[in-house]
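Comments concern the structure below.
Since every read-out is calculated from the coordinates, none of them should be taken as a lab result. In this text the structure is predicted, and so the values were computed from the model without any measurement. Ideal geometry is used to build each Cβ from the backbone, glycine not excepted, and the neighbour counts take in all protein chains shown.
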Amino acid sequence: MIRRGTATDGKRVLRLANGLQMRTGNLLAGCGLAAAALILAAWSTGLGLTDAGLADLLRALTGGSLSDAETYALLTVRLPRILLGFMVGWAVALSGALLQSIARNPLADPGLFGFSQGSMIMIMLLLVIAPVAPKSLVALAAVTGGLCVAGLLLWLVGGERSSGLSIVLLGIAVETVLSSFGSLLILYLPTETSIALSEWLAGSLFQANWSVIAAFTPLFVLGLVGSLLAGGATSAYDLGTEMAQALGEPVARSRPLILLFAVVLSAAAVTAVGPLVFLGVLAPHIAGFLSPAVGRARLLLSGLVGGMLVVAADALTRGIAGGLPLPLGLSLTMVGVPLFIIALRLQALRKLQSH
Amino acid sequence: MRFLVSCAVAAVLTASPVFAADRLLTDDTGREITIPDTPERIVVMHEPLLGVPLMDLGLELAGSYGRADDGGFVIAVDFIDTVLGEGKAKPKGFGPVGQPDLEKLRALEPDLILASELDAGKVDQLSTVAPVYLQNISGDKVHGFDIQENLAALLGREDLFEARKAGYMERVAELRAALPGDAAGQTYLPVFLTDQINVVGDSSGMVQALEDLGYTRLEVAEASTTSASGGSMMLMPLSAEVFGSLNPDILVLLNSYMDSSRDEAGTREKLDRIVPGWDRFMKPALENRILFVDPATVITPTVASAEHMLDAIEHWSGQAQ
C-alpha cells in the first residue's frame, strides 16, 4: 500500500505501508536517470569500427541473425564494456557517497582516503613480482590493499568519538604516502613494466568480458542491497558522529562496517578497470544537484550518476576520440568535470538569488 | 531468454575460438595454445622486440600495436626503417597505445598474435580474436638475439635464422681479427640516456655483437643489485656519482629515441646536462674509449641490429687506429 503525503519540509513524499517514505522528486529523478542511462547505453552500442548498433542488437534479441563481425562487436566488445562500465561507475560513486557521510566531508572519496592507492600499490607489487598472476589473485591483492589502509585508518582515528575531520586528515596523510610510493615504483621500474602499469593506472574497460561481469555482478547486487541497508545510517552520519550516536546509531559497529563496504566496492572497481580518480566526488555532487536527497535515495542516485558517467566516458573513448589515445580516466574527467563545474555554479547562483 | 543464449554463445566463442589450427605448443609462460602450422597473418604487440625480428627473417606483419590505422608509427623512431632500411611495407595498427581496439584487431584477420609476458593481463581479451603466444622479453630470461631465434623456431624459420647468423658470424670473425687489440677480457658498458642514466639490458643485437667479439659486461654493483625482472631493453637507473667513477674498456653511449640528434654531438650534450664536465674526468672519455651509437639501429634483438653494431665498432676502431 503506497500513500501520498507531505513531509515536514513541505516536499511531496510517497509513504509505504512499512513506514518507509521517499520523496517524489527523488523517485522522479531516479526514473529520469535510469531512462537517460538506457538511452546513453543504446547510443553507445553503435560506436565502433563495425557497422552495428541497437537495431542489430534488438534484431538479434528477436530471433534475427547477425554476421560474425556484428556478433563479435556487439556481444563480445561493446555490451560487456557498457555493462561493466555502469557497474564499476555505480560502485565507485556509491563508495564515495558512503565515505562522504562517514567523514561528513563532501570531498571524501576512495582516492582521498588512500583506499584506491592501497589497492593499486598491492596490485603493482604483485604484477612486479608475478607479471602473469591470475586475476583472482589480483582481485585479492586489491581488496587486501584497501583493507590494510582502512584498518590503518581506523586504528589511527581511534575510538568512536573521533570526528569525521580526523578521518579525512589522516586519510589524506596515508594517501600522500602511498601515492609517493606508487610514483617511486613507476619511476624506477624497468621501462616496459612502467608502461604496462601506467596503462592500467590510466584506466581502461579493455578487460570487460562476460566472465568479469559475472564476477562483478554479485558485488553490484551487494552494493544495491547494502545501499538500502546502510542508507538509514548514512543519513544519521550526515548530522555528525555525536548526533548519530544521540539518534541511537551504534557508531563503534556501523562505521567500520560502512568503511569495509566502501573499501570492497572501491577495490573491486580498481581491479576491474583501474583507479577512476574523482568519480567518488563527482557523482554524489551531480546527483545532489539534480535532486537533493539523503540516506538511501542519495546513495541510489549517486550510483546511477556514477554508472552513467563511466558509460559516457567509455563512449567518448571508443567513438569520438578516433585514433587519439584517450584513457578512461581522462575521458571521465572530460565528461564529469564540466558537469561538476556547471552544477556547482548553478548551485551558487541559486543561493545568491535566494538571499 | 534469447538474449541470454546469445550472451552464452558469445562467451563460449570467446573461450574457444575456432581456427584452422594444427599445432599444440606451450608458450614461454607455460600456457598451452594451438596455433596454425604456418601462420600467415601475424600481429605483434611489441614491434621493436617481436615485430622487427620477424621482418628481419623475411616475414610480413598483418598488424602491429602502436601503429596508426594508416601504418604510421606513433613514437619518434620507426624501427622498421632504422633497423631494416626504408621502403618496407608497414603493418597496420589497431588502436592507440594503451587502448587496443579489439574490433580493429579482428578486422586485420590475424591467425596468430605474438605478445610478451608483460601482456599476460590482455591475453583473455586478445584470445577472442586469435591464438596468443607469449614470448619472454625480460632481460633476465633472454639474451642478445635469443628472441629472434626463439621466434624463428616457433614459426619454422630456423634455416633462415641460421643462414643470417652464419653470415653475421663471418663478419664477427673478420672484425675481431681487424681490431687493434684482443677484445677477450676487455669490458664494455652500454648506457642509455633519457633524463637520467640507464644501464642497457642484455636483450639486444648490440649486446650480442659486443659479446661475440669477446667483450664482457662490466658489472655495476648499483645496477646489479636493483635489476628487476620486468624489463628487456633497460636495467635500472644509475646515479651520476656511480656513473662518473666507472671505467669500462669501452663505454657505449646511446641517446634517447626521443631526441632528434642521436649522434655524438647530441649525446655528448645530453650527458653534459646530467653529469656536467663528465668528459674532463671520466677515464674512458680522456682515453678515447667511448663508442657513440644510435640506439634506433642497434637496440632490437635481431641479427640486423647486431650487424649495425659491428658497423659502428668497425667505424670506431678505424678512427681509433
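The dipole here belongs to region B:184-320: it is taken about the Cα centre, uses +1 on the Cβ of Lys and Arg and -1 on the Cβ of Asp and Glu, and is about 240 debye.
What the Cβ-Cβ distance of A:Phe181 and A:Asp9 gives, at R0 = 45 Å and to the nearest 0.05, is a FRET efficiency of 0.45. Legend: mean number of C-beta atoms from other chains within 10 angstrom of residue C-beta atoms, peptide B:93-101, equals 6. Against the main long axis of the alpha-carbon atoms of chain B, helix B:2-15 sits at an angle near 40°. Taken along the Cα-to-beta-carbon direction at a fixed 7 Å, the label points for A:Asn18 and B:Glu287 span 8.5 nm. Under 10 Å, Cα contacts only: if you run a Gaussian network model on chain B, which one of B:Asp78, B:Asp311, B:Asp70 comes out with the highest mean-square fluctuation? Comparing B:Asp78, B:Asp311, B:Asp70 in a Gaussian network model of chain B, the most mobile one is B:Asp70. Secondary structure note: in the protein assembly as shown, about 45% of the DSSP beta bridges are antiparallel. Using Cα springs under 10 Å in a Gaussian network model of chain A, which residue among A:Leu94, A:Leu178, A:Leu57 shows the largest mean-square fluctuation? It is A:Leu57.
What you get for chain B, charging only the Cβ of Lys and Arg (+1) and of Asp and Glu (-1), is a dipole of about 560 debye around the Cα centre. Ordering B:Gly98, B:Gly156, B:Gly51 by Cα displacement along the dipole of region B:43-193 toward the positive end leaves B:Gly98 in first place; charges were set at the Cβ atoms of Lys, Arg (+1) and Asp, Glu (-1). Membrane-span-like helices in chain A, defined here as complete DSSP H runs extending at least 20 Å along the helix axis by their C-alpha atoms with mean Kyte-Doolittle hydropathy no lower than 1.6, are A:115-129, A:135-157, A:164-188, A:251-273; this is a sequence and geometry rule, not a statement about a membrane. Shown here for region A:4-102: trypsin sites (Lys or Arg not before Pro) in loop regions (DSSP other than H, G, I, E, B) with at most 15 other Cβ atoms within 10 Å, namely A:Lys11. Here the gap between B:Thr216 and B:Asp182, fully extended at 0.36 nm per residue and compared with their Cα-Cα distance, gives a gain of 11.0 nm. Ellipsoid fit via the Cα gyration tensor, region B:17-135: semi-axes of 22, 15, 13 Å, each the root of five times an eigenvalue, largest first. Of all beta bridges that DSSP places with both ends in region B:17-135, some 30 percent have antiparallel geometry. Mean separation of Cα pairs under 8 Å and 6 or more residues apart, divided by the residue count, gives chain B a relative contact order of 18 percent. What residue among B:Asp279, B:Asp56, B:Asp111 has the largest mean-square fluctuation in a Gaussian network model of chain B, using Cα springs under 10 Å? Judging by the Gaussian network model, the answer is B:Asp279.
Assuming charge only on the beta carbon of Lys and Arg (+1) and of Asp and Glu (-1), the dipole of region B:17-135 about its Cα centre is about 160 debye to the nearest 20.
Taking the C-alpha atoms only, the angle from helix B:303-320 to the longest principal axis of chain B is near 10 degrees.
Measuring gaps between exposed loop sites in chain B (GluC sites (Glu not before Pro); DSSP loop; at most 11 other Cβ atoms within 10 Å), the longest gap, sites not included, is B:87-218.
Per-residue ellipticity at 222 nm computed for chain B from its helices equals -10500 deg cm²/dmol, with DSSP H segments shorter than 4 residues left out and the rest contributing -39,500 (n - 2.57).
Restricting attention to chain B, close to 30% of DSSP beta bridges with both partner residues there are antiparallel.
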